Each structure stands twice: as structure tokens, then as C-alpha cells.
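> The structure that follows is given in the form of C-alpha cells.
The values are calculated or read from the model by the stated rules, or taken from the named source; none is laboratory data. Note that this is a predicted model, so its numbers are computed, not measured. Note that we place each Cβ from the backbone using ideal geometry, even for glycine, and neighbour counts take in every protein chain shown. Ligands, DNA and RNA are stripped out before the accessible areas are found, and what is left, the full protein with its side chains, is counted by its heavy atoms. Shrake-Rupley method; radii C 1.70, N 1.55, O 1.52, S 1.80 Å.
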Amino acid sequence: MKPSRYHPALVALHWVSGALLVAALLLGTFVMKEIPNTSPQKLEALRAHMAGGIVILMLIIARLIVRLSTPKPERASAGTPFLDRLAPASHYGLYVLILLMATTGLATAFLAGLFDIVFAGSGAPLPVTFAVFPTRIAHGIIAKAIFALIGLHVLAALYHQFIRRDGLLGRMWFGKSRPASADREAA
Ligand code: HEM
């Protein structure tokens with residue numbers, strides 16, 4: 001019998017990794033990118049960003065493992081076959097893009113020797129720009145795609161919650177889980 005909500009570990013990972021992801025996207029786009037590589041502040045910003053990005057990568061891997069190994073509630077219907085196909089595609093798309101985001105960030109850091117400069121204090125100067133690395137260009141493009149998918153994800157959650165009124169948000173929160181059929185009878 002399917003549960004009426006996601007596993008509490010998945011709920012915790014969803015909200016913690018989601019908050020960190022949005023923070024990394026906003027700070028990366030509007031703060032870190034704007035600091036010139038010649039500024040001493042850049043090292044601090046990169047240190048926080050790289051450490052945060054690696055934490056996000058670990059949380060996403062943990063999320064995938066928990067998601068694949070715990071029972072999930074019944075698929076919620078959005079009311080049309082097209083939207084019902086779009087939902088799982090956009091969820092898996094988000095996982096893939098976040099994994100690509102972290103790997104292109106790591107690849108850029110390796111190519112630019114950032115681990116020695118930022119974490120080991122090698123004292124070597126940062127490259128004048130990171131834009132010479134194709135992985136950095138991909139990192140920026142993927143960031144925009146994730147922004148767009150998160151926007152779609154939030155709109156979909158609000159549509160379910162307030163237009164279809166199917167209590168979808170409650171499935172991604174803590175509480176006692178009842179069999180999904182009992183949930184439908186109660187509704
Ligand atoms: C999934 C987690 C991550 C997110 C959401 C993220 C987000 C961002 C964003 C939004 C930018 C600016 C992109 C632009 O507007 O062009 C950026 C730049 C960058 N990120 Fe990440 N990032 C993540 C992981 C990482 C990791 C793991 C590393 C390295 C260990 C990394 C290294 C960098 C570097 C070197 C830059 C270039 C900074 C610059 O051009 O000044 N990122 N990141």
C-alpha cells in the first residue's frame with residue numbers, strides 16, 4: 001500500500017537542499033560573479049561557494065538514494081495527460097541539471113587549480129577570468145535552466161495546492177503517513 005506522504009528523510013533533504021540550492025543560485029549569480037578575480041574578497045566568496053556546492057552535491061546524491069529506496073505516494077494528477085507527463089520529466093530533469101551544475105563547477109575548479117588556491121592557500125593568483133573554461137560557460141547556462149525549472153516547480157506546487165486543492169504540499173511535509181486509499185476516502 002502506498003503511503004500518503006514522502007519519507008521524513010526525503011522531506012528533510014528536499015527542503016534543506018532546495019534552500020541551499022536557491023541560495024547558491026542567487027549568491028552565485030548576483031554576488032560572487034560580480035566580484036573581480038583580482039579582489040581579495042573573491043577568495044572568500046569562492047571558498048563559501050565551492051564548499052556549499054559540494055554540500056549540495058552530497059545532499060542531492062543522498063536524496064536520490066532515499067527517493068529510490070523508500071515508498072512514494074501515488075502520483076498526483078494535474079488534470080491533463082500532458083501535465084501528468086511533464087511532472088516526472090521536470091523532476092528528473094532537476095536532478096540531472098543539479099548533478100551537472102555541481103560537476104561543471106568541480107571541473108572548472110580542477111581546471112583552474114582552485115582547490116590549491118582557495119583551500120590550501122597556495123598564494124597563486126586566480127586566473128584573470130573563468131570564462132576561458134568551457135565548463136564555466138556550461139555552469140552559467142545550467143544555472144539559468146535550473147532557475148527556469150525551479151520557477152515551473154513552484155508554480156506547479158501552487159497550482160495543485162490552490163487551484164486543484166489536492167493538498168499536494170502536505171505530502172512533502174512531516175506527519176503521520178496513512179495508506180493513500182484511506183487518505184482519498186477521508187478527502
Ligand atoms: C549545485 C550546486 C551549485 C550551484 C547552484 C552553483 C551556482 C553557481 C552560479 C549561479 C554561478 C554564476 C553563474 C553565472 O551566472 O554565470 C556559479 C559560478 C561558479 N561556480 Fe558554482 N554552483 C554550484 C556548485 C559549484 C561547485 C561544486 C563548484 C566548485 C567546487 C563551483 C564553482 C564555481 C565557480 C568557479 C564559478 C565561477 C565564479 C565566477 O565566474 O566568478 N560551483 N555557480
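> Per the Kirkwood definition applied to all pairs of different Cα atoms, how many angstroms is the hydrodynamic radius of region 91-165? Display every interim value, and only then the final one.
Working: mean 1/r = 0.0693 Å⁻¹.
Final number for the Kirkwood radius of region 91-165 is 14.4 Å.
> Add -39500 (n - 2.57) for each DSSP H run of 4 or more in the chain, then divide by its residues: what number comes out at 222 nm, to the nearest 500 deg cm²/dmol? Please report the intermediate quantities before stating the final value.
Values: 6 runs with 119 residues, N = 187.
That calculation yields -22000 deg cm²/dmol at 222 nm.
> Within the chain, how many lysine pairs that are 8 or more places apart, or on different chains, have C-alpha atoms less than 24 Å apart?
Values: LYS2/LYS72; LYS2/LYS176; LYS33/LYS42; LYS33/LYS144; LYS42/LYS144; LYS72/LYS176.
Taking the chain as the scope, the lysine pair count is 6.
> Next question. Residue-wise, which Karplus ³J(HN,Hα) couplings in Hz belong to region 55-63, taking 6.51 cos²θ - 1.76 cosθ + 1.60, θ = phi - 60°, and x for glycine or proline?
4, 4, 4, 5, 5, 5, 5, 4, 4
> What's the center-to-center distance, using Cα atoms, between region 37-71 and region 125-160 in Å?
Value for the Cα centre distance between the two parts: 14 Å.
> Still on this structure, I have one more. Using only Cα atoms, find the angle between the long axis of helix 134-158 and the longest principal axis of the chain, and express it within 0 to 90 degrees, rounded to the nearest 10.
So the inclination is approximately 30 degrees.
> Based on the alpha carbon coordinates of region 71-113, what radius of gyration and maximum Cα-Cα distance (Dmax) apply, in Å?
16.2, 50
> Additional query: Using a 1.4 angstrom probe on the protein heavy atoms only, could you order TYR6, TYR159, TYR92 from most to least accessible area?
Numbers: TYR6 40, TYR159 75, TYR92 100 Å².
I get TYR92, TYR159, TYR6, largest accessible area first.
> So, in nm, how far is label LEU149 from label LEU26 when the simple model puts each one 7 Å beyond its Cα toward the Cβ?
Using points 7 Å along Cα→Cβ, the separation is 2.1 nm.
> Given VAL31, ILE163, PHE115, which one lies farthest toward the positive end of the charge dipole of the chain, if we put +1 on the Cβ of every Lys and Arg and -1 on the Cβ of every Asp and Glu?
ILE163
> Select from region 24-130 those trypsin sites (Lys or Arg not before Pro) which occupy a DSSP coil region and have at most 13 other Cβ atoms within 10 Å, ordered by residue number. Provide the component values of the computation, followed by the final result.
On the way: sites: LYS33, LYS42, ARG47, ARG63, ARG67, ARG75, ARG85; in loops: ARG75.
Taking region 24-130 and a limit of 13 other Cβ atoms within 10 Å, the loop trypsin sites (Lys or Arg not before Pro) found are ARG75.
> Run the quick spin-label model on ILE35 and ARG75: label points 7 Å from Cα toward the beta carbon, then report their separation in nm to one decimal.
4.5 nm
> Here's something else I'd like to know. Let me know the charge dipole size of the chain about its Cα centre in debye, to the nearest 20, where only the beta-carbon of Lys, Arg (+1) and Asp, Glu (-1) is charged. Write out the running numbers ahead of the final one.
Numbers: 18 positive and 8 negative charges, 109 e Å.
About 520 debye.
> Any chance you could get the radius of gyration and Dmax over the Cα atoms of the chain, in Å?
19.7, 66
> Show the residues, 5+ positions off or on another chain, whose built amide H is closer than 5 Å to the amide H of ARG5.
Correct list: ARG178.
> Which residue, chosen from ALA19, PHE82, GLN41, occupies the Cα position most advanced towards the positive end of the dipole of the chain, where the dipole is computed from +1 (Lys, Arg) and -1 (Asp, Glu) charges on Cβ about the Cα centre?
PHE82
> Run the quick spin-label model on ALA19 and ALA89: label points 7 Å from Cα toward the beta carbon, then report their separation in nm to one decimal.
3.3 nm
> Might you work out the accessible area of ASP116 for me, using a 1.4 Å probe with all protein chains in place, and round it to the nearest 10 Å²?
100 Å²
> If the chain between PHE110 and THR129 were fully stretched, how many nm would it gain, using 0.36 nm times the residue separation less the Cα-Cα distance?
Numbers: separation 19, 0.36 × 19 = 6.84 nm, distance 1.45 nm.
Working it through step by step, the gained length comes to 5.4 nm.
> Something else: In nm, what is the difference between 0.36 nm times the number of residues separating ALA12 and LYS42 and their Cα-Cα distance?
Working it through step by step, the gained length comes to 7.6 nm.
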